[in-house]
Structures are given as structure tokens and as C-alpha cells.
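What follows is a set of notes on a single structure, which appears directly below.
The values are calculated or read from the model by the stated rules, or taken from the named source; none is laboratory data. Just so we're clear, the structure is a prediction, and the values are computed from it rather than from any experiment. Note: ideal-geometry Cβ built from the backbone for every residue, glycine included; neighbour counts use all protein chains shown. To get the accessible areas, we keep the full protein, side chains included, count just its heavy atoms, and leave off ligands, DNA and RNA. Shrake-Rupley method; radii C 1.70, N 1.55, O 1.52, S 1.80 Å.
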Amino acid sequence: MQAIGPAPAERREYQRRRKRLIKAIGKRGVAIIPAATEQWRNHDNPWPFRQSSDFYYLTGLAEPDALLVLCPKRAEGDVVCFVSPRDPERERWEGPQLGTERAPAVLGVDQAFAIDEIDEQLPGLLRGYNKLYLPFDDHALVGRALGWFDDVRRGARAGILPPQTLKDLSAPLHELRLLKSAHEVDRLRRAAAVSAEAHVAAARGVHDGIWEYEIAAIMQKVFASAHGEPSFAPIVAGGANACVLHYRANAAELKDGDLVLVDAGAEVDYYAGDITRTWPVSGRFSEPQRELYQLVLDAQRAAIEAIAPDVSFNAPHEEAVAVITRGLVELGLIEGPVEEAIEEGRYRRFFMHRTGHWLGSDVHDVGRYRVDGDWRPLEPGMVMTVEPGIYVDPDADVPEAYRGIGIRIEDDVLVTEEGHEVLTRQVPKTIDEIEALMNGRFDPVKEPLE
């Protein structure tokens, strides 16, 4: 029988997170956090359900149609959850449900009500608070909350008023999610390891004549074998397809002489991996491919080395831009001098995206990149990707040997007290390692990478 809710050993982790959010909203603030709802593909056939990352972060519950309410200093308890009541007929078709009776013990909350009692119970839970936090992007919930305010307002003559201020829940909650606990780092390491295993398997499967979707299938088998799934739709882009940044067709045949860019990651236990590697289909880089590949690798290494506490989030990007711009000038693909090319953004013709993003429960995870208009400093517990690239369109006005080459190299990096840790270092990325792996002369499991 499937497990419902967090394991007992993990329950305290979710309780700690709720306490941190309660502290962040203050004793006069109340917060409402909705679960995701089931989405239907057609008729009675739903899409695979994926819980809201915010709701799961605070509960560990993967059921749809639920609601969490945090109401500090309330006599009956600070934490209330609304869940679907158990329905034996539904359980026969879909499996066990948590139910209101078991919810307090399983989730570690103070009270549980049936989800269809929201309109009856919520007005009472809002009384005595002057700020209501809820997700502003959930327009239906915001509208419903205004209706609950009307119910509370009926007690105005007795001095009972609804909250006078609406606040966006994402501000306090996403700042908490940005800094990962030890429990979360363990989950991210697991997702990184499964993602790395899939990339190595994919590299070994690359050969002339295989199709892009077949490479994606190799990876998804590894994900599923670890009880995971793709953290986003895998990108397998052979040849000039790699110059399309979010190429997802995965419908072309790989050919000797081309590169194949593979951007994919596993989601395991609600935490994501995100790795990009670029492989030569023949198992050997051509000279122009080697030149551009080494340039991207040098830029990525420089960016990773810049990661440390108190360093600006933008510092790794600046390092990558400097290396790539210098290399593009030396190769004659853009005009120098280097400082002028950086200032005028000439490199953007071939490197048009930023160097990384936050990573966590979502592959593009939550958290602000700027605070008060300035790039925020990095802190231990933050996790980010580092993914510079070079993309030369097939019709670019450059020497023909460089046309149609797209290269990106991406790793997942944890900010530590001492500096950083590359979580995805198990996947080969130097030219010699890649060629050895693809030609059967290197096994990253038996010969771990530094």
C-alpha cells in the first residue's frame, strides 16, 4: 500500500519549516497555502498529479485538493489542514487517502477539517489577524478570501474585523525555500546522482543513426528506475538543433560529425537535478568543435570558481562572459578589444542567456535574484546551476567550420560555508574524459572524477 504523507522521521522537518514561516509572517499574520488540483487530460483520464512545491514543502503531502492554514497563537493550535475525507469507493479505484481523522498525527498539524468545510471554517480562522498571506497568482483563492472577509465583517459591531492587509505569500515562503536545509541537500544530492547516471548512460548510447528521442528514452529509463521522473522535458538536440535554446522536438537523427547537446535532469522525491552535456556523435571532437567546447568549459570552470558566500549572484555570470568574450575575439568570431566587446554586449550574438538559476524543488526554483535592486549575495544553502554556452547559427556570418555548432555545459552547485560543492561532478566534461567515455576507455563509476 502506498505511503500517505511524510515518513515519521521526516515529520519534524516539515514542522520546522512551518514554524519558520509562522515566525516570518508574525503573530498578527495568517497564511493560506493551497495544494494543487488534479488536471484532466481528457474525459476521466487525469494528467499525472504533481503537488504544488509550496504546499509540499510545508506538509510532505502529495494529495490534491487540500489547504494549509497557519494561524499563530490560536488557542486550538497554530496549524490547520483541510483534506479530502476518506471515500471507500474512491479508494477502491485510486488508492488510500489520508482523511481528516489521520491528518493531525500523520502531518503533525493541530486540527484537520474536510475540504468541503472551507467556507464554513475559514472566516473563523481569519478573526483576530490583521494580515493575510496567500499566493497572489491564485486568483480564485484571492477572490474567495474576499468572500470570507465579508463573513468576518458581520461581527464588526462586536469589534471583530477581517485582516486589513493582503500580502503575497511568495515573499516570505520563497525566501525560506531558497536556503536549503541538510535534509534538502541530501535530496538534491540524490537527484543529482540519478541525473548524472542518466547522462552517462546517454553518452554511452550515442552513435550515428540513433534518434534524439531514443537518447531521451535511455535517460528516462534511468529516472524511472530510481522512482524518479524528468524534472523538465528533456532536450536532446543534435547538430544545429542545439542552437535552439529550448529545443524539445527530439525528432531528428544523430549523424557522425555533429555534436549532440543533452539538457535533462531527474526529479526524485520532489527535488530536481539539471545537467547539460554536449557530446560528439562520432566519439571524437573536430578541431572547430574542440575550440568552442574548450572555451565553454573554461568559462564554466571560471564561473564555478567564483561561487562562495557573500559573492554576488551575478559574479559567476560576469566571469563566464569575460572568458567567452575573450575566446570569441581570439577566434575572430567577434571584434575586440575584449573590454569594449563586453561593454557593448557583442558576445550576446553567440551567448545570449544568463549563466544560471536557482535549483531546488522546482528546476527553476524560487527566490529573488536581486534585493533592493542589487544582485543578492550568495549564502550557504543556496543551490544554483552554472551553464554557459555558445550557439553559432547555421547561417551565421562566420567561417563555415563553426556554423551550426551549439554547446552548453551545466552543473548543479551548492554554496557551502567554505565555498562551493559541485553536486553533479560525476558526469565527465573534459574533452579527454568524454572521448574516453564514448570509446569505452573510461568508467566514471570505477574512476571517480575530482
Residue within the range 124-140 that is closer than 22 Å to LYS19 by Cα and among the hydroxyl-bearing types (Ser, Thr, Tyr) present: yes
Within the range 333-374, of all residues that are small (Gly, Ala, Ser) and touching a residue at least 24 places away in the same chain (Cβ under 8 Å), the one nearest to ALA315 (Cα to Cα) is GLY356
Based on this model, can you work out whether TRP279 counts as more than 30 Å from GLU417 (Cα to Cα) and crowded, with 19+ Cβ neighbours inside 10 Å? yes
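Yes/no matrix, rows are residues, columns are (1) under 20 Å from ALA272 (Cα atoms); (2) at pLDDT 95 or above; (3) open to solvent by 10 Å² or more (accessible area, probe 1.4 Å):
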site	(1), (2), (3)
TYR347	no, yes, yes
PHE351	no, yes, no
ARG354	yes, yes, yes
LEU359	yes, yes, no
ASP362	yes, yes, yes
GLY367	yes, yes, yes
VAL386	yes, yes, no
VAL392	no, yes, no
Flagged in the range 294-325 as on the phi > 0 side of the Ramachandran plot and under 20 Å from the mean Cα position of the chain (by Cα), in numbering order, are none
Confirm whether GLY404 is open to solvent by 10 Å² or more (accessible area, probe 1.4 Å), touching a residue at least 60 places away in the same chain (Cβ under 8 Å) and on the phi > 0 side of the Ramachandran plot. yes
For the structure I just gave you, tell me whether SER52 is open to solvent by less than 20 Å² (accessible area, probe 1.4 Å) and modelled with pLDDT of 95 or more. no
Matching residues in the range 5-49 (among the aliphatic types (A, V, I, L, M) and open to solvent by 70 Å² or more (accessible area, probe 1.4 Å)) number 1
Taking GLN121, is it assigned to a loop (DSSP other than H, G, I, E, B) and over 30 Å from ALA237 (Cα atoms)? no
Evaluate the range 387-397: report whether one residue or more is under 18 Å from the mean Cα position of the chain (by Cα) and in a strand (DSSP E or B). no
Output the number of the condition that ALA112 fails; it satisfies all remaining conditions of (1) out of contact with any Ser or Thr (no Cβ under 8 Å at 6 or more places or on another chain); (2) surrounded by 14 or more Cβ atoms within 10 Å (Cβ to Cβ). (1)
Return the pair list, or none, for Cβ contacts closer than 6 Å from residues in the range 294-314 that are over 10 Å from VAL413 (Cβ atoms) to residues that are of a type outside the set (A, V, I, L, M, F, W, C) and in a helix (DSSP H, G or I), at least 6 apart or on different chains. LEU295/GLY327; ALA302/GLU319; ALA306/PRO316; ALA306/GLU319
Please verify whether the range 413-435 includes one or more residues that are surrounded by fewer than 15 Cβ atoms within 10 Å (Cβ to Cβ) and farther than 27 Å from PRO316 by Cα. no
Answer yes or no: is there a residue in the range 75-91 that is crowded, with 17+ Cβ neighbours inside 10 Å and on the phi > 0 side of the Ramachandran plot. no
Find the strands (runs of 3 or more DSSP E) located wholly in the range 401-450 whose residues include 2 or more that are modelled with pLDDT of 95 or more and touching a His at 6+ places or on another chain (Cβ under 7 Å), and list them. 411-415
Quick check on the range 232-262: of everything there that is within 20 Å of the chain's Cα centre (by Cα) and open to solvent by 10 Å² or more (accessible area, probe 1.4 Å), which residue is nearest to VAL363 (Cα to Cα)? PHE232
So, in the range 124-178, how many residues would count as being closer than 30 Å to VAL371 by Cβ, outside any helix (DSSP H, G or I) and open to solvent by less than 30 Å² (accessible area, probe 1.4 Å)? 7
Considering residues of the range 404-434 that are among the acidic types (Asp, Glu) and touching a strand residue (DSSP E or B) at 6+ places or on another chain (Cβ under 8 Å) only, the residue farthest from GLY257 (Cα to Cα): GLU421
